[in-house]
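The values are calculated or read from the model by the stated rules, or taken from the named source; none is laboratory data. Computed from a predicted structure; not experimentally measured. Methodologically, a virtual Cβ is constructed for each residue, glycine included, from the backbone with ideal geometry; neighbour enumeration extends over all protein chains shown. Each accessible area value is taken on the protein alone, full model and side chains, heavy atoms only, with ligands, DNA and RNA left out. Shrake-Rupley method; radii C 1.70, N 1.55, O 1.52, S 1.80 Å.
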Amino acid sequence: QVQLVESGGGLVQPGGSLRLSCAASGFAFSSYAMSWYRQAPGKERELVASISRASLGGSTNYAVSVKGRFTISRDNAKNTVYLQMGSLKPEDTAVYYCYAKLIHDYWGQGTQVTVSS
């Protein structure tokens, strides 16, 4: 049974940092690309960052809006993908979701990130 469980969200002031984690289980984690998406109120879900499977060297891609501020990484020994977020802005406020595309699409339950003073 595939499971993706996010953690690490919370309330942070503008300019602050947070690290999100997504613990994966039920599939061969290192063999699949992993992604983080986010959805703000009234907006569509958008891709934030992705990281390729281990055999492709773990290459990364970022949305323009977060490039240079966010870093995606993975620990294949721990079956976990991370999103380190820095220089946070109010417009980064959203529910952040972990995503894996196997035969089907799998999503975590989401973790709320609120950037506010």
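What dipole magnitude, in Debye to the nearest 20, does the chain give about its Cα centre under +1 on Lys/Arg Cβ and -1 on Asp/Glu Cβ?
Magnitude of the dipole: close to 180 debye.
Residues with beta-carbon under 10 Å from that of F29, excluding F29: net charge, scoring Lys, Arg +1 and Asp, Glu -1?
With Lys, Arg at +1 and Asp, Glu at -1, the neighbours total +2.
Placing +1 at every Lys and Arg Cβ and -1 at every Asp and Glu Cβ, with all other atoms neutral, what dipole size does segment 55-107 have around its Cα centre, in debye to the nearest 20?
It works out to roughly 120 debye.
In a shell of Cβ-Cβ distance under 15 Å around S116, excluding S116 itself, what net charge do Lys and Arg (+1) and Asp and Glu (-1) give?
-1
When the accessible area of segment 1-78 is computed with all protein chains present and a 1.4 Å probe, what percentage of it is carbon and sulfur?
Looking at segment 1-78 in its full context, I get 47 percent from C and S.
Please enumerate, by chain and number, the lysines with C-alpha under 22 Å from the C-alpha of K67, excluding those fewer than 8 residues away in the same chain.
K43, K89
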